[in-house]
Amino acid sequence: TPGRTSADTSKGAVEIVSIRTIALDNVVVVSRGKEIRVSEESSLTGNRLTVRRFEARSGTTTLDAEGEVDLAPRVEARLKAKANKLDVDELLALADAFTPPPPTSSRAAASPSAPMKLAARISAETATAGGVEVRQFASELEVNGDRVVLSPLTFQLFGGRYQGAVSAQLGKVLSLTIKSRLQD
């Protein structure tokens, strides 16, 4: 085409601008021995994925979510998730299982890709952590590469209320920092 520069043609012949519906129905995803069963419905406009419905189930952990995911320049997700029952230990294990392993070669370490970033507001009527069951669990979750933060974190426990934060560094060794305040 007249007036077209080489930069215009270097993008390729086909560019996807939008997809009205992307759907997954009961798909099993496995990583490092951990399994998640996923169903979802979303749409794509440019680099933004709009998640209208996302259901993930693993063991006793069940999440229903919606939100937006920017796919470039790095994956950044902003979601709202609700669960009827949530296993926090399992959630951390799943986050670890689906976190890419650290680079093994010096070449890969020299040019690391930007880690995925996930921000989610999570609530559940009941949750378990360390074998202890709690009620009215609510937290802001942030996953940035191999770092997971639940802050603020609130729930009812032993007739009282917990307020605090949990920060975990995932990998070969799990590093955990807990900030707590108990009332009543």
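Could you tell me whether any residue of the stretch 77-89 is of a type in the set (Val, Ile, Thr), part of a strand (DSSP E or B) and either out of contact with any Phe, Trp or Tyr (no Cβ under 6 Å at 6 or more places or on another chain) or modelled with pLDDT of 95 or more (or both)? The answer is no, given that none of the residues of the stretch 77-89 is of a type in the set (Val, Ile, Thr), part of a strand (DSSP E or B) and either out of contact with any Phe, Trp or Tyr (no Cβ under 6 Å at 6 or more places or on another chain) or modelled with pLDDT of 95 or more (or both).
Within the stretch 90-101, at least one residue is modelled with pLDDT under 75, within 21 Å of residue 49 (Cβ to Cβ), out of contact with any strand residue (DSSP E or B) (no Cβ under 6 Å at 6 or more places or on another chain) and in a loop (DSSP other than H, G, I, E, B). A search for C-beta distances below 8 Å between a residue of the stretch 56-85 that is more than 15 Å from residue 40 (Cβ to Cβ) and of a type in the set (D, E, K, R) and any residue that is open to solvent by 40 Å² or more (accessible area, probe 1.4 Å) and not in a strand (DSSP E or B), counting only pairs 6+ apart in sequence or on different chains, returns 70/47; 74/113; 74/114; 74/115; 74/116; 76/116; 85/60.
Considering only residues that are of a type outside the set (A, V, I, L, M) and more than 15 Å from residue 56 (Cβ to Cβ), look in the stretch 16-41 and name the one that is surrounded by the most Cβ atoms within 10 Å (Cβ to Cβ). Working first, answer last.
Of the residues in the stretch 16-41, the ones of a type outside the set (A, V, I, L, M) are 18, 20-21, 25-26, 31-35, 37, 39-41.
Filter once more, so that each one left must be more than 15 Å from residue 56 (Cβ to Cβ): 18, 20-21, 32-33.
On the way: 18: 9, 20: 7, 21: 9, 32: 11, 33: 7.
Selected residue: 32.
Residue count for the stretch 30-55 satisfying the condition of being part of a strand (DSSP E or B) and either touching a residue at least 40 places away in the same chain (Cβ under 8 Å) or of a type outside the set (Val, Ile, Thr) (or both): 17. In the stretch 121-170, counting only strands (runs of 3 or more DSSP E) that sit wholly within it, the ones holding 2 or more residues that are hydroxyl-bearing (Ser, Thr, Tyr) span 147-157, 160-169.
May I ask you to verify whether residue 133 is open to solvent by 70 Å² or more (accessible area, probe 1.4 Å) and without any contact (Cβ under 8 Å) to a residue 12 or more places away in the chain? The answer is yes for residue 133.
The values are calculated or read from the model by the stated rules, or taken from the named source; none is laboratory data. If you're wondering where the values come from, they're calculated on a predicted model, not measured in any experiment. Positions of Cβ are generated from backbone atoms using ideal geometry, with glycine treated the same way; all protein chains shown enter the neighbour counts. When the accessible area is computed, the model is the full protein with side chains, heavy atoms only, and any ligands, DNA or RNA have been set aside. Shrake-Rupley method; radii C 1.70, N 1.55, O 1.52, S 1.80 Å.
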